[in-house]
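Notes for the one structure printed next.
Nothing in this text is a laboratory measurement; each read-out follows from the coordinates by a stated rule. Please read all numbers here as calculations on a predicted model, not as lab measurements.
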Amino acid sequence: MKGSGNSVWAAGLVCLATLAIAEEAMITEQEALDAAGRALRAERARGEPLFSQWPLLSAAAPKLVQDVTGAPSYWIVGLVSGDRFVGFVRVMPDGGIAAIGVTCDRPQRPETCPTPTFALSRAELENFARASGSLTDDDQASAPRLVHDGPPGRDMWLIETRKDGSPDRWIFVGAGGVYERPAGAVHGADPALE
């Protein structure tokens, strides 16, 4: 097909330009941490009981959340009590706060709180994926990356497997479970995925 190489090349440039614009518009990790700290202080100043029951709560460990194609979408900043993640702040690219909340209701015993999806370690993610049967020793797997699979807030870790050098499957791992689909299959692009 004549000219198809130019079309692919042009589409690739548009994708790269879109990613560059998104990355330029995204606040830095430190700015996300600062925004989350301000949001937490504001909630405490309002006397919000969800946050006042955690006297040692602080913002920590921002993680960039991408869409499944790799474009940056927002930051998720952990709220920690001691060394346990017990909440989160979703910080948008411009520094605005989309959501803030706690993921545990046991301030007397934070060590019993489940680990939120965004705070799972690589070892935990790979163990979950292997235990589900989705990831095997034969798979060539990418490093996990934090994505939202669908709308913001549907945060999961994405592990991409490759077969013969090409993307094969996307394995999604979260605290609630593991699922997979063919690499490149995006929510909204195929009604069967909804």
Quiz item: When only C-alpha pairs under 8 Å and at least 6 residues apart count, what is the relative contact order of the range 43-194, in percent?
Solution: 16
Exercise. May I ask you to compute the full-extension gain from Glu124 to Arg44, defined as 0.36 nm times their residue separation minus their alpha-carbon distance, rounded to one decimal in nm?
Key: 25.5 nm
Self-check item: For the range 45-174, convex hull volume per residue from C-alpha positions, Å³
Solution: 114
